[in-house]
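Visitor: Please see the structure below; I have some questions.
The values are calculated or read from the model by the stated rules, or taken from the named source; none is laboratory data. Bear in mind that the values here come from a model prediction, so they are computed numbers and not experimental data. Methodologically, a virtual Cβ is constructed for each residue, glycine included, from the backbone with ideal geometry; neighbour enumeration extends over all protein chains shown. Calculation scope for accessible area: heavy atoms of the full protein, side chains included, ligands and nucleic acids excluded. Shrake-Rupley method; radii C 1.70, N 1.55, O 1.52, S 1.80 Å.
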Amino acid sequence: MTSPPAIEQDPPQVFPPTLREVMLRPRWLALLAFSLLVAGVLAWLGQWQLGRAVDTAPPEPGRTEIVQPLADVALPGEYLPEPLVGQRVEAAGRWIADDFLVVSSRFNDGVEGYWVTGQLRLDEVTTPTSIAVALGWTRDAASAERAVEALNAQVADDPDAVVSVTGRLISDEGPGRPAAGADPQEMTRMSPAMLLGRWHDVDGVAVYRPYLASQTAIGPLDAIDSPAPEERSRVNWLNIFYAAEWAIFAGFALYLWYRLARDAWEKEVEDLEDERSEALAAGTPESRD
């Protein structure tokens with residue numbers, strides 16, 4: 001009696017998980033929580049940046065044209081805040097002899113020329129304090145040198161004379177290297193820090209970082225062309241750009257979680273399909289011969 005032939009059976013069918021099932025596994029839920037935390041922090045940074053993009057309390061129009069005492073606008077040694085650049089101020093003091101210096105590459109109505117600058121030792125201050133002042137403009141270097149001689153002569157005649165100067169408060173332009181082949185002693189930038197290195201009688205003296213551009217010519221010079229600064233926009237587009245960047249980063253944190261979960265799901269489905277294909281191949285007649 002012969003036994004009945006064995007009945008071949010197909011490998012048990014295994015259904016691959018869905019993407020939703022993979023995403024609901026503890027590992028991916030924990031990674032989702034971390035991604036949400038990162039996205040929340042990035043979103044908060046974007047909101048903070050956006051809050052700084054709009055100036056809710058801009059300076060009043062024309063505020064820079066109201067003359068204020070120098071001490072009420074800036075302090076010695078401190079940088080000038082942007083809203084105060086170009087503010088008209090008044091200061092009183094006396095000129096320091098032999099500290100009238102020439103700065104080149106100065107433009108008046110598009111015409112290149114020279115400024116004559118001086119050290120104004122402020123009056124009625126507890127600590128000796130000075131500020132650099134641009135007294136006026138001239139078209140050529142010879143005229144600037146003659147103005148320096150005339151101003152030095154006036155100070156020599158009355159060194160204790162107190163003068164009052166009204167003008168715009170401007171930020172330090174910073175030091176600069178002279179061009180190749182130029183006179184190394186020539187100053188082409190209005191920098192109180194550079195002027196300080198050439199001033200006299202500065203031991204123990206506090207110095208303002210910004211300088212004062214006189215609104216009227218002092219001595220045999222032309223008045224400096226110094227128009228009112230343009231009104232600033234209330235919107236800082238750079239901060240808006242940064243806020244958009246933070247929002248993109250927050251979205252990318254969530255997308256990265258989704259992409260990683262989807263890649264893991266696709267790999268698991270492919271592995272199951274490969275296993276089924278191998279099992280079917282192993283049960284074919286060709287594999288048994």
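Visitor: Does A147 satisfy the criteria of being buried (at least 21 other Cβ atoms within 10 Å of the Cβ) and assigned to a helix (DSSP H, G or I)?
Guide: yes
Visitor: Looking at segment 128-141 only, could you name the residues that are under 14 Å from F100 (Cα atoms) and surrounded by fewer than 19 Cβ atoms within 10 Å (Cβ to Cβ)?
Guide: Across segment 128-141, the qualifying residue is only A141.
Per-residue answers, yes or no, for (1) over 27 Å from the mean Cα position of the chain (by Cα); (2) hydroxyl-bearing (S, T, Y):
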site	(1), (2)
T166	yes, yes
R177	no, no
P192	no, no
L195	no, no
V207	no, no
Q215	yes, no
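Per-residue answers, yes or no, for (1) under 30 Å from R276 (Cα atoms); (2) open to solvent by 100 Å² or more (accessible area, probe 1.4 Å); (3) touching a strand residue (DSSP E or B) at 6+ places or on another chain (Cβ under 7 Å); (4) at pLDDT 90 or above:
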| site | (1), (2), (3), (4) |
| --- | --- |
| E8 | yes, yes, no, no |
| F15 | yes, yes, no, no |
| V54 | no, no, yes, no |
| E65 | no, no, yes, no |
| L70 | no, no, yes, yes |
| V73 | no, no, yes, yes |
| E78 | no, no, no, yes |
| V85 | no, no, yes, no |
| E90 | no, no, yes, yes |
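Visitor: Only residues that are open to solvent by 80 Å² or more (accessible area, probe 1.4 Å), modelled with pLDDT under 90 and assigned to a helix (DSSP H, G or I): list them for segment 225-266, please.
Guide: W237, L238, F241, Y242
Visitor: Within segment 93-127, how many residues turn out to be open to solvent by 50 Å² or more (accessible area, probe 1.4 Å), in contact with a Lys or Arg (Cβ under 8 Å, 6 or more places away or on another chain) and touching a residue at least 40 places away in the same chain (Cβ under 8 Å)?
Guide: 1
Visitor: Residue by residue through segment 190-224, note down the ones that are in a loop (DSSP other than H, G, I, E, B), among the hydroxyl-bearing types (S, T, Y) and open to solvent by less than 50 Å² (accessible area, probe 1.4 Å).
Guide: Correct list: S191, Y208.
Visitor: So, one more: Of all strands (runs of 3 or more DSSP E) completely enclosed by segment 25-143, which ones contain at least 3 residues that are more than 31 Å from the chain's Cα centre (by Cα)?
Guide: 88-95, 111-122, 129-138
Visitor: Tell me the residue from A141, A150, A134, A156 that is touching a strand residue (DSSP E or B) at 6+ places or on another chain (Cβ under 7 Å) and farther than 26 Å from Q87 by Cβ, please.
Guide: Among A141, A150, A134, A156, only A141 is touching a strand residue (DSSP E or B) at 6+ places or on another chain (Cβ under 7 Å) and farther than 26 Å from Q87 by Cβ.
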